[in-house]
Protein chains: 2
Amino acid sequence: MKEVDLISVGMTNFGKHFDKTGRDLLIEAAREAITHVDKGIDMKRDVKALCIGYFTPDLFEHQGHIGALSAEWLGLSGIPAFRTESACASSSAALATGYFAVASGMYDLVMVAGVEKMTNLDTPGVTNALSIAADDVFELTTGITFPGLFALMAQEYFEKYSGSWEDLQTVTLKNHHNGSLNSKAQFQAEISAIAEKTAIKKGVTFKDEMDFLKSKYNPLVAYPLRLFDCSPISDGASVAFLTSREISKRFTDKPLHIIGVGLGTDTISLSGRPDLTTSKATENAAVAAYKMARITPEDIDIAEVHDCFTINEVILSEDLGFFKKGEGLKAAQEGRTSLSGDKPINTDGGLKSKGHPVGATGIAMVHEIWLQLRGEAGKRQVKGNPKIGLTCNVGGSSASAMVFIFERGEK
Amino acid sequence: MKEVDLISVGMTNFGKHFDKTGRDLLIEAAREAITHVDKGIDMKRDVKALCIGYFTPDLFEHQGHIGALSAEWLGLSGIPAFRTESACASSSAALATGYFAVASGMYDLVMVAGVEKMTNLDTPGVTNALSIAADDVFELTTGITFPGLFALMAQEYFEKYSGSWEDLQTVTLKNHHNGSLNSKAQFQAEISAIAEKTAIKKGVTFKDEMDFLKSKYNPLVAYPLRLFDCSPISDGASVAFLTSREISKRFTDKPLHIIGVGLGTDTISLSGRPDLTTSKATENAAVAAYKMARITPEDIDIAEVHDCFTINEVILSEDLGFFKKGEGLKAAQEGRTSLSGDKPINTDGGLKSKGHPVGATGIAMVHEIWLQLRGEAGKRQVKGNPKIGLTCNVGGSSASAMVFIFERGEK
């Protein structure tokens, strides 16, 4: 098994790109990834294959056959190319496929990418498109969609452990703080700034951030989750280049080594799960990734954790072994997951604040780990020279999970 | 790079399964693949990962997240699982992914599968769903769909080389003959039998098969292609198990070795291609697969070649190097691609007669190679103890192509 390195990443700004198609976004992300290759890359000479995650181009753009289409638009027509899908973990599936292909020795350099162009549809349209990540036969027929599914998890978590919706706002506040330091984030604003702006616009006053978060300006979506507990509708794309370790030096002296890869699944319908406060898919994926990397959760310096809804960051931070079951919310409240904590999570603002173009999210997580481990994260750079980072990207109501562990190359 | 073996295959009957969903079809194919493992398989113990091709469950079943869903319905919830998409080559992409995963040493046994449940939609609905394999922006806006795209190829082929639509009927007749010998085929009938049935039903007479094929009962779809030049709308699923060669003996003494893997792409829009009578994607894929297998086209004993439309079998048989450019049609007319020819193609009836549930087609091709190389193809068994077989599965208007070469295990 060949060892695999990450030699560059790139991504678009996340947000509403009304004037761009999915292919436009891909090219924009690819351009950045190309410029980020320290010693340069010749796309036509070096890129041997392309694997691209996109959840539902079918519904968002009436477009399939994304592998061949993307190769063409990147000027790479001719090379092996296909798409992977695992709902909101679609680009992590591309990363896994690229990893397998390089590790096997089949191709020595693979481009992996993720795209989602969501704003072609209105909000009900997007909610309907995303709902195909749940079970059409046994869940959607009840009328439930994703905010409702995660609301059930939140309710069970609060009932089983201590904690309340108010406590959960720690995650909202933290991720908006981090997002305010990220020029690629969809919402580059603290909750306090959003509250202030709302107050001026509506001619009202808020005592503090919590007063705003409890107000009608943060409406209930599915009890107990409110608007600011939910990640937004976003357009965006992300790209990474993987090589065998044997050749990575041609491209950079500062690669990240991919030292752990783990994938897992769970029942797609919540009705099949004995406990909604834990994700079996994530546990399986994490166990496999730690075992492969021969490390433990304590060794992880920073992590990107799939906060499609605030409650999920808390649950997954436990399933990843960072905190004991039922203690993730307390850990967040103690500031342990903040930029200056001992286990910083979602330093880029997370899906909550950075945005969540679902197919692009997995590799966008890798983008942040790349910056942080290379010390290039600017105003949000974590102190202490982090060396090992983890991404945890899940699909649907965590029915699939993919975990990757990266280590800074220089010793 | 670990060597990879195919240890079993299974598939549903192809055709109209109005009473079954995609997941039902998958399970039916999996059951057969399980019973085909000579020494038995324990799914929960042995299957380490699942990769499943399905072109557009989004449009056909309002269902995504197919990896996790399929793992659950197979009783394998927990294992790594995701979907691949490359239009009509979606399950070949799953096969490639499974190949990479086993070859890398990541998993020692991977289940790969393909599904398409097309009959939920009416014919215009299916045509629209399939059209997303073409370029939505630059092709579909002109009103063209796939019969039209392949009709353009046929027109250019006939203009550039000799040949006519009448000549092309060799392929129709051959594939219906082969399909008449395949109990899993959607149309298990010679064209002569279909003509006879039509004559009785409509109270008309036909001089011969060609008289029927030229009649209004074989209507023009897109000049020069008529109804019987087109593969049908089908439901179906297909499954294969891959292992590292190190462990294949645990499961069978008669594995097939996967000795060649090649993938290629071309511009998705026909407007980007200088010559419509050749598929660059297929040429690229074939060159890579032959190089890896260290063989030449002459060494291939039997082949499954993507005949979504009759003209495509001819074009691809040239791009695969079986015949010189412009000589594929003549070779078919000389009977060289028939069951008793020197290069039998589509011994199972091909997409034309066996059916074409698009996401299931790639692995269904592998199913036929499995039977033929093991001498288990019954009435359609090719003589001469074939040892090396090839599958060529393409997506859309051959904008992506995947070629696999299999060799019988025992020496």
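General remarks:
- Residues in the range A:243-282 that are within 30 Å of A:PHE150 (Cβ to Cβ) and of a type in the set (Gly, Ala, Ser): A:GLY260, A:GLY262, A:GLY264, A:SER269, A:SER271, A:GLY272, A:SER279, A:ALA281.
- Within the range B:392-411, the set of residues being more than 14 Å from every other protein chain (Cβ to nearest Cβ), more than 24 Å from B:LEU25 (Cα to Cα) and either crowded, with 24+ Cβ neighbours inside 10 Å or of a type in the set (Val, Ile, Thr) (or both) comprises B:ILE405, B:PHE406.
- In the set (1) more than 9 Å from chain B (Cβ to nearest Cβ); (2) touching a Ser or Thr at 6+ places or on another chain (Cβ under 8 Å), the condition left unmet by A:THR35 is number (2).
- A count restricted to the range B:57-103 and to residues that are out of contact with any strand residue (DSSP E or B) (no Cβ under 8 Å at 6 or more places or on another chain), more than 19 Å from A:ALA289 (Cα to Cα) and at the interface with chain A (Cβ under 8 Å from one of its Cβ atoms) stands at 5.
- Scanning the range B:215-225 turns up at least one residue that is in contact with a strand residue (DSSP E or B) (Cβ under 9 Å, 6 or more places away or on another chain), of a type outside the set (Val, Ile, Thr) and in a loop (DSSP other than H, G, I, E, B).
- In this structure, B:GLU72 does not qualify as farther than 22 Å from A:GLY262 by Cα, of a type in the set (Asp, Glu) and either surrounded by fewer than 24 Cβ atoms within 10 Å (Cβ to Cβ) or touching a Pro at 6+ places or on another chain (Cβ under 8 Å) (or both).
- When the residues of the range B:3-29 are filtered to those that are outside any helix (DSSP H, G or I) and among the aliphatic types (A, V, I, L, M), the one that is farthest from B:ASN182 (Cα to Cα) is B:VAL4.
- Residues satisfying the criterion are present in the range A:373-389 (criterion: under 14 Å from the mean Cα position of the chain (by Cα) and surrounded by 24 or more Cβ atoms within 10 Å (Cβ to Cβ)).
- Wholly within the range B:320-402, helices (runs of 4 or more DSSP H) carrying at least 3 residues that are in contact with an Asp or Glu (Cβ under 8 Å, 6 or more places away or on another chain), touching a residue at least 40 places away in the same chain (Cβ under 8 Å) and among the hydrophobic types (A, V, I, L, M, F, W, C): B:358-373
- Residue in the range A:384-391 that is of a type in the set (Val, Ile, Thr) and within 14 Å of chain B (Cβ to nearest Cβ) present: no
- All positions within the range A:30-54 that are touching a residue at least 12 places away in the same chain (Cβ under 8 Å), more than 23 Å from B:THR84 (Cβ to Cβ) and in a loop (DSSP other than H, G, I, E, B): A:HIS36, A:VAL37, A:ASP38, A:LYS39, A:GLY40, A:ILE41
- The lone exception for A:ALA49 - which of (1) among the aliphatic types (A, V, I, L, M); (2) more than 25 Å from B:LYS280 (Cα to Cα); (3) within 8 Å of chain B (Cβ to nearest Cβ) it fails: (2)
- Of all residues in the range B:52-67, none are surrounded by fewer than 24 Cβ atoms within 10 Å (Cβ to Cβ), touching a helix residue (DSSP H, G or I) at 6+ places or on another chain (Cβ under 8 Å), among the hydroxyl-bearing types (Ser, Thr, Tyr) and closer than 23 Å to A:ASN120 by Cβ.
Each row is one residue, and each column tells you yes or no for (1) outside any helix (DSSP H, G or I); (2) closer than 30 Å to A:VAL37 by Cα; (3) of a type in the set (Gly, Ala, Ser); (4) within 14 Å of chain B (Cβ to nearest Cβ).
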position: A:VAL137; (1), (2), (3), (4): yes, no, no, yes
position: A:ALA151; (1), (2), (3), (4): no, no, yes, no
position: A:LEU168; (1), (2), (3), (4): no, no, no, no
position: A:LEU173; (1), (2), (3), (4): no, no, no, no
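- Residue in the range B:213-229 that is farther than 30 Å from B:LEU50 by Cα, of a type in the set (Asp, Glu), buried (at least 21 other Cβ atoms within 10 Å of the Cβ) and under 19 Å from the mean Cα position of the chain (by Cα) present: yes
- Tally, over the range B:1-28, of residues that are among the hydrophobic types (A, V, I, L, M, F, W, C), surrounded by 24 or more Cβ atoms within 10 Å (Cβ to Cβ) and more than 23 Å from B:GLU407 (Cα to Cα): 3
- Restricting the range A:235-259 to residues that are surrounded by fewer than 24 Cβ atoms within 10 Å (Cβ to Cβ) and either of a type in the set (Val, Ile, Thr) or in contact with a strand residue (DSSP E or B) (Cβ under 6 Å, 6 or more places away or on another chain) (or both), the residue that is nearest to B:GLY105 (Cα to Cα) is A:ILE259.
No lab work stands behind these numbers, since they all come straight from the coordinates. Keep in mind that this is a model prediction, so the values were computed, not measured. With ideal geometry, Cβ positions are generated from the backbone for all residues, glycine too; neighbour counts draw on all protein chains shown.
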